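No lab work stands behind these numbers, since they all come straight from the coordinates. This one's a predicted model, so the numbers in the text were calculated from it and none came from an experiment. Virtual Cβ from ideal backbone geometry, glycine too; neighbours counted across all protein chains shown.
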Amino acid sequence: MMRGIFTISQLTIHEALRKRVLLAAVLLGLAFLVIFALGFYFMNREVVNSPRGPETQAQRALIYIFLTMAGLYAVNFLMVMMAALLPVDTLSGEIRSGAIQSLVTKPLRRAEIVLGKWLGFWVILAGYLALMGGGVLLIARIVSGITPQNIFIGLALMLLEATLLLTLSIAGGTRLSTLANGVLVFGLFGLAFIGGWIEQIGALFQNETARYVGVIASLIVPSESLWQLAAYNMQPALMRDLTMTPFSPASVPSNAMVVWALGYTLLVLLLGVWSFRTRDL
Amino acid sequence: MNHSAIETNALRKEFGAKVAVADLTLTVQRGEVFGFLGPNGAGKTTSVKMLLGLVARTSGEGRVLDAPLGNVATRAKIGFLPEHFRFQDWLSGREFLDLHARLYGIENEKRKARIEKLLTRVDLQDAANRKLKEYSKGMLQRIGLAAALLNEPQLVFLDEPTSGLDPLGRLIVRDVIQELRAQETAVFLNSHLLSEVEVTCDRVAFVKNGRVIREMGLRETRNEIEIELQVKNPTPNLLRDLAQFGKNVQQLNGTIHLESDTAARIPEINRWLVAQGVDVYKIGAAKPSLEKMFLEVMGEDARAG
């Protein structure tokens, strides 16, 4: 079982490397990091030199954290794109072209093909998060000497969000065409995104109905609430209490949402395996 | 060990309301080259897919190499060249074979040797390091054939293996099939090229509308033989007199055909013709043409698919 999964994972990573999808993603990511570093550097110079600028150490720290969070928010968005788009074609495209036939007739279980592809993309996403998230945190550290708190919890939640969308994209590809699958995954992400904002605004204005709608959207697709939770964890208490920045959720997702997201991911993955196993190719 | 490589009984596949395969009942012996013939849309490819477990059967039973259809472990002993072959075209020919050998679970040292041998066999050593996307259709078909043989299978499915090939490529496929027969590997050949089937297959089955309507051996001795002869200036009288040696005497394109019970008639006819003072250019038994049989079985409206 494991040998088959690893062979398919290797193939998946090899393909992503060979097709230069990864190269494009890494180059774009590096371009982003350069822009982020320049922006951070000049902002920092402004903060340090300005006579009218923030006086206290604490005020400065908040600005640095805010900038770092903005960088991580952009990284989160790149991760979402990668998680939804990288695997969107992997099953649907091979089913359509018939290339899948030469895999499925090998002494492999169909589950091994689905799980192997899933694992391959997961490794790519984890590596991409390490590069981009690590890059943002390193730049912030070098320029300002400050690192947000709980970064490992935050990065783990971001990785879980990407994993969830990756799993949806893989599972959808077992039955849908590439285009329909892309529309589905982005549609679900959009639903969670809008739901997340409705929840926040509802909480801010103490409108329970709006908050309720948002929570339901988060239950349907818990991707956005994972980012909210990641952002909540990484910022200091002072910033959380202000709820002024877009990264300070007014309605904090509970830890039960993490359990739900984990179970959700596992369930979607199993559904994807079942769906691929029972279809004609 | 059972002697049949494939045994099916009333296999049926429906896609919604459409019946793709109505009744697939056939037996393929181990070590036999089996031709599967029928017009387009007769259900040939769906039949192969059911046997390989790509498509789930609606009803009926089948065993492949003594295992139920779709058995995972059995696939290690099966090779398959799909009809619409699409491979990982970002790999080179050698990398492609290596990947598929690993998917078969073939060990390292054995894998290398096997790959080089097959690259030579399908005449692709020169192109082995080029990407598959640069290959011609015929080259892809040959590398696909090599991939189908990586695991030294006991049963090989070839779905239209010669459709994209030039004459040299076809010769390679034909030779490979002969070698497989010599190694007692069973071959299940889907083809619409009747002349290919005629030279390579031991037995054929004709399918029409998703049903096997006839199975027959091509190597069996037939009760009736057809005799062909060419003589100088055949006359109506001569044709009438030839009827004493057999029936259905007719002249087509300068060749006289007649049906007879035994090949022993051939020297008899020859002696008689010479005694009549007729100059004989050619005389002998005609091979029964598969095309003729195909049309007989399918009805005149059908064409090979």
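The sum of -39500 (n - 2.57) across all DSSP H runs of n ≥ 4, divided by the residue count of chain B, sets its helix-only mean residue ellipticity at 222 nm to -9500 deg cm²/dmol.
Compared with the dominant principal axis of the Cα atoms in chain A, helix A:208-220 is inclined by about 40°. All Cα-Cα separations within chain A were binned at 5 Å from zero, giving a P(r) of 1, 6, 12, 15, 16, 14, 12, 10, 6, 4, 2, 1, 1, 0, 0, each value a whole percent of the pairs. Cα centroids of region A:1-40 and region A:250-275: 25 Å apart. Amide H contacts for B:Cys201 (H built 1.01 Å from N in the peptide plane; partners 5 or more residues away or on another chain; cut-off under 5 Å): none found. Sequentially through region A:171-180, phi angles give Karplus couplings (6.51, -1.76, 1.60; θ = phi - 60°) of 5, x, x, 6, 10, 9, 6, 4, 5, 4 Hz, Gly and Pro residues having no value and appearing as x. Ordered by the count of other Cβ atoms within 10 Å of each Cβ, fewest first, B:His257, B:His3 give B:His3, B:His257.
Inter-chain neighbour count for B:46-56: the average number of beta-carbon atoms from partner chains within 10 Å of each residue's beta-carbon is 3.
Any idea how far the Cα center of region A:124-191 sits from the one of region B:214-268, in Å? Each part's Cα centre sits 79 Å from the other's. Per-residue 3J(HN,Hα) values for region A:10-27, derived from phi via the Karplus relation 6.51 cos²θ - 1.76 cosθ + 1.60 with θ = phi - 60°, read 4, 4, 4, 5, 4, 5, 4, 5, 5, 7, 6, 5, 5, 4, 4, 5, 5, 4 Hz in sequence order (x marks Gly and Pro). The alpha carbon gyration tensor of the protein assembly as shown gives principal lengths a ≥ b ≥ c with a/c of 1.5 or higher and a/b greater than b/c, which makes the shape prolate.
Listed by chain and number, the lysines whose C-alpha is less than 25 Å from the C-alpha of B:Lys49, apart from same-chain residues fewer than 8 away, are A:Lys106, A:Lys117, B:Lys13, B:Lys18, B:Lys77, B:Lys137, B:Lys208. 3J(HN,Hα) along region B:21-31, derived from phi through the Karplus expression 6.51 cos²θ - 1.76 cosθ + 1.60 where θ = phi - 60°, amounts to 10, 8, 7, 9, 10, 7, 10, 10, 6, 5, x Hz, with x in place of Gly and Pro. The charge dipole of chain B, taken about the Cα centre with unit charges on the Cβ atoms of Lys, Arg (+1) and Asp, Glu (-1), comes to about 680 debye, rounded to the nearest 20.
Take each residue of peptide A:1-11, count the partner chain Cβ atoms within 10 Å of its Cβ, and average: the result is 2. Where only DSSP H runs of four or more residues are counted, chain A gives -27500 deg cm²/dmol as its mean residue ellipticity at 222 nm, each run worth -39500 (n - 2.57). Based on the reciprocal of the average 1/r between different C-alpha atoms, the Kirkwood radius for region A:89-148 equals 14.3 Å.
Relative to one another, the C-alpha centroids of region B:92-148 and region B:196-212 are positioned 29 Å apart.
The magnitude of the dipole of region B:57-97, with charges of +1 and -1 set on the Cβ of Lys/Arg and Asp/Glu and taken from the Cα centre, is near 80 debye. Classify region A:127-242: rounded, prolate or oblate, from the alpha-carbon gyration tensor (a ≥ b ≥ c, eigenvalue square roots; a/c under 1.5 rounded; otherwise prolate if a/b is larger than b/c)? The shape class here is oblate. By definition, a body whose alpha carbon gyration tensor gives a ≥ b ≥ c is rounded when a/c is under 1.5, and region B:225-287 falls into this rounded group.
Quick one: of the DSSP bridges fully inside the protein assembly as shown, what percent are antiparallel, nearest 5?
65
Taking 0.36 nm per residue of separation and subtracting the current Cα-Cα distance, fully stretching the chain between B:Lys292 and B:Glu215 would add 26.2 nm.
Put simply, the amide H of B:Ser92, placed in the peptide plane, has neighbours under 5 Å in B:Leu132, leaving out anything fewer than 5 places away on its chain. The mean sequence distance of close C-alpha pairs (under 8 Å, at least 6 residues apart), as a share of the length of chain B, puts its relative contact order at 21 percent. For the pair A:Thr147 and A:Ala256, a Förster radius of 35 Å applied to the C-beta separation gives a FRET efficiency near 0.80, rounded to the nearest 0.05. Only Lys, Arg, Asp and Glu carry charge here, each on its Cβ (+1 for the first two, -1 for the last two); on that basis the protein assembly as shown has a dipole of about 700 debye about its Cα centre.
What ranking do B:73-79, B:247-253 get when scored by the average of other Cβ atoms within 10 Å per residue, highest first?
The peptides rank, most packed first, as B:73-79, B:247-253.
Residues A:Arg96, B:Arg265, ranked from the fewest to the most other C-beta atoms within 10 Å, line up as A:Arg96, B:Arg265. Note on region B:172-305: Rg/Rh from C-alpha atoms, Kirkwood Rh, equals 1.06.
Within 10 Å of the Cβ of each residue in A:208-219, the mean number of Cβ atoms contributed by other protein chains is 0. Remark on B:Gly105: its backbone amide H falls under 5 Å from none of the residues 5 or more positions apart or on other chains, H modelled at 1.01 Å from N.
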